[in-house]
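For reference, the structure discussed in these notes is given below.
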Amino acid sequence: MKKIQMTTPIVEMDGDEMTRILWKMIKDELILPFVDLKSEYYDLGLPNRDKTNDQVTIDSARAAVKYGVAVKCATITPNAQRMDEYHLHKMWKSPNGTIRSIMDGTVFRAPITIPSIHPIVKNWEKPITIARHAYGDVYKSVEIRAEEAGTAKLVFEGKSGKTQEVKIHDFDGPGVIQGMHNTDKSIRSFAHSCFKFAVDTKQDLWFATKDTISKTYDARFRQIFQEVYDKEYKEQFEQLGITYFYTLIDDAVARVMRSKGGFIWACKNYDGDVMSDMLSTAFGSLAMMTSVLVSPEGKYEYEAAHGTVTRHYYRYLKGEETSTNPMATIFAWSGALRKRGEMDGIPELQHFGDALEAACFDTLNEGIATKDLVHLMEGVEAKQVNSADFIAAIRERLEKRLKA
């Protein structure tokens, strides 16, 4: 079988732990035998990020902007325990946060659904897509550990010389302080991305924050969304018969649980992080969710929405067999290759992305699945296999589809 040729590289961002192991397996079994892969490789594994003072993360994000398509493996965001485990020089920030800040886009996450797995929420009939703001908030926050009593203040020094100052808190003992920010520019880009995606997919758009409590920060999100909608998208929404509405985040959660699905739920950065995990689990598994970062200029970064599967990695290091679900990582590759084919005018590459996803569905629909899915499947005789055998089963079905 002649390999599919590429013209422009995709940016390949390798990662950590069990997902790094799966990354290589997916490339070796499902990509390289069929595609003459052109990629610009960046090792975002935690040891290399530490070695390069995290410059590798910045370089990879800039490359994604340059080439327009990237695919990313799951990575560790270190905490105190990881500092000790990896002997780090610094507690590096989330690589996803760094990449999202540089690309300044929106993360769209949607569950991968199959007929044999029904959502835990019984009235959900269609997938729910999370649109997650990809800049700022807690992911770009700064923090102080106050070791004694004192006063914390929030100060803004304007270029004009004007200064704004508010007291945060009078501490009578030790505590912690956090400062977050966002920009009108990024919020506006977020709004445009959400409205454009809703128009493209002909889905209702919900947006939720907590502006009753955060009367300046969250309220600014609401104001900008309404301005952008009224000025540029209201007429298109009405013509398509789709709806945009704003509500409080707690009301949105209640509405989502009672809904039938089939809409886009736009969330601020942290809310989108948490709610996408909730939705993916409710629809089946954390490993059954697609995730793509889309910049305002139309640059794309595909990734898995889940973490590095640490528990399975420790078992792997002991030589024990694991049954880790690679679906989200496979779909990151298929999405990136399909988008590369679309942007470069290579229909064979687009077809390959479609065929790879179809082969995954063929495998699952025959009941061949990893441990996390077996107990969820209904109407098929489910058989648990390890990760290597699952990927091998996908390859067998992929070869059939490509030869058809």
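Restricting attention to segment 67-114 and to residues that are touching a residue at least 12 places away in the same chain (Cβ under 8 Å) and among the charged types (D, E, K, R), the residue that is surrounded by the fewest Cβ atoms within 10 Å (Cβ to Cβ) turns out to be Lys90.
Of the strands (runs of 3 or more DSSP E) lying entirely inside segment 82-168, the ones with 2 or more residues being under 27 Å from Trp206 (Cα atoms) are found at 106-111, 129-133. Can you find a residue that is closer than 18 Å to Pro115 by Cβ, free of Cβ contacts under 8 Å to residues at least 12 places away in the same chain and assigned to a helix (DSSP H, G or I) anywhere in segment 367-389? The answer is yes, given that some residue of segment 367-389 is closer than 18 Å to Pro115 by Cβ, free of Cβ contacts under 8 Å to residues at least 12 places away in the same chain and assigned to a helix (DSSP H, G or I). Residues that are touching a strand residue (DSSP E or B) at 6+ places or on another chain (Cβ under 7 Å) and part of a loop (DSSP other than H, G, I, E, B) within segment 169-209 comprise Pro174, Gln203, listed in sequence order.
Out of curiosity, is Asp200 loosely packed, with under 11 Cβ neighbours inside 10 Å and either in contact with a His (Cβ under 7 Å, 6 or more places away or on another chain) or at pLDDT below 95 (or both)? Against the criterion (loosely packed, with under 11 Cβ neighbours inside 10 Å and either in contact with a His (Cβ under 7 Å, 6 or more places away or on another chain) or at pLDDT below 95 (or both)), Asp200 qualifies.
Where residues in segment 13-44 are of a type in the set (A, V, I, L, M, F, W, C) and outside any helix (DSSP H, G or I), which of them is farthest from Ile330 (Cα to Cα)? Give the steps one after another, and end with the answer.
The initial filter retains those residues of segment 13-44 that are of a type in the set (A, V, I, L, M, F, W, C), namely 13, 18, 21-23, 25-26, 30-32, 34-35, 37, 44.
Next, from what is left, pick out any that are outside any helix (DSSP H, G or I): 13, 32, 34-35, 37, 44.
Details: Met13: 14, Leu32: 13, Phe34: 14, Val35: 14, Leu37: 15, Leu44: 18 Å.
Restricting to residues being of a type in the set (A, V, I, L, M, F, W, C) and outside any helix (DSSP H, G or I), the top hit is Leu44.
The set of residues in segment 229-269 that are assigned to a loop (DSSP other than H, G, I, E, B) and within 17 Å of Lys126 (Cα to Cα) comprises Ile242, Thr243, Ser259, Lys260, Gly261, Gly262. Regarding Asp54, is this residue closer than 30 Å to Phe207 by Cβ, modelled with pLDDT of 90 or more, of a type in the set (Asp, Glu) and within 22 Å of the chain's Cα centre (by Cα)? No, not satisfied.
Residue count for segment 228-240 under the criterion of being in contact (Cβ under 8 Å) with a residue 12 or more places away in the chain and not hydroxyl-bearing (Ser, Thr, Tyr): the result is 5.
On the stretch given as segment 312-347, residues that are touching a residue at least 24 places away in the same chain (Cβ under 8 Å) and more than 24 Å from Thr106 (Cα to Cα) total 9.
A single entry from Lys3, Lys72 fulfils the requirement of being at pLDDT 95 or above, more than 24 Å from Arg401 (Cα to Cα) and not acidic (Asp, Glu): Lys72.
For segment 102-153, a residue qualifies if it is among the acidic types (Asp, Glu) and in contact with a helix residue (DSSP H, G or I) (Cβ under 9 Å, 6 or more places away or on another chain), and the qualifying residues are Asp104, Asp137.
Only one entry of Asp362, Asp354 meets the criterion of being closer than 22 Å to Thr129 by Cα, in a helix (DSSP H, G or I) and without any contact (Cβ under 8 Å) to a residue 60 or more places away in the chain, and that entry is Asp354. Residue count for segment 120-139 under the criterion of being modelled with pLDDT under 90, surrounded by 14 or more Cβ atoms within 10 Å (Cβ to Cβ) and under 20 Å from Ala328 (Cα atoms): the result is 1. For first residues located in segment 1-13 and on the phi < 0 side of the Ramachandran plot and surrounded by 12 or more Cβ atoms within 10 Å (Cβ to Cβ), partners that are assigned to a strand (DSSP E or B) and of a type in the set (Phe, Trp, Tyr) and lie 6+ apart or on another chain with Cβ distances below 8 Å form the pairs Val11/Tyr42; Glu12/Tyr41; Glu12/Tyr42; Met13/Tyr42. Scanning segment 274-311 for residues that are assigned to a helix (DSSP H, G or I), surrounded by 22 or more Cβ atoms within 10 Å (Cβ to Cβ) and either free of Cβ contacts under 8 Å to residues at least 60 places away in the same chain or not aliphatic (A, V, I, L, M) (or both) yields Ser276, Ser280, Phe283. Against the definition (surrounded by 14 or more Cβ atoms within 10 Å (Cβ to Cβ) and closer than 30 Å to Ala305 by Cα), how does Val142 come out, yes or no? Considered against the rule, which asks whether it is surrounded by 14 or more Cβ atoms within 10 Å (Cβ to Cβ) and closer than 30 Å to Ala305 by Cα, Val142 comes out as no.
Residues that are assigned to a strand (DSSP E or B) and not β-branched (Val, Ile, Thr): does segment 391-401 have at least one? No, there is no match, as no residue in segment 391-401 is assigned to a strand (DSSP E or B) and not β-branched (Val, Ile, Thr).
Kindly indicate the residue of segment 315-339 that is among the basic types (Lys, Arg) and in a helix (DSSP H, G or I) and also surrounded by the fewest Cβ atoms within 10 Å (Cβ to Cβ) among those meeting that condition. I'd like the intermediate steps shown before the answer.
Filtering segment 315-339 for residues among the basic types (Lys, Arg) gives 315, 318, 338-339.
Cutting the leftovers down to in a helix (DSSP H, G or I) gives us 315, 338-339.
On the way: Arg315: 15, Arg338: 22, Lys339: 25.
Looking at residues that are among the basic types (Lys, Arg) and in a helix (DSSP H, G or I), I get Arg315.
Remark: Arg132 matches the filter, which requires a residue to be in contact with a strand residue (DSSP E or B) (Cβ under 7 Å, 6 or more places away or on another chain), in contact (Cβ under 8 Å) with a residue 60 or more places away in the chain and of a type in the set (D, E, K, R).
The values are calculated or read from the model by the stated rules, or taken from the named source; none is laboratory data. Quantities reported herein were computed from a predicted structural model and do not represent experimental measurements. All Cβ positions, glycine included, derive from the backbone under ideal geometry; neighbour counts span all protein chains shown.
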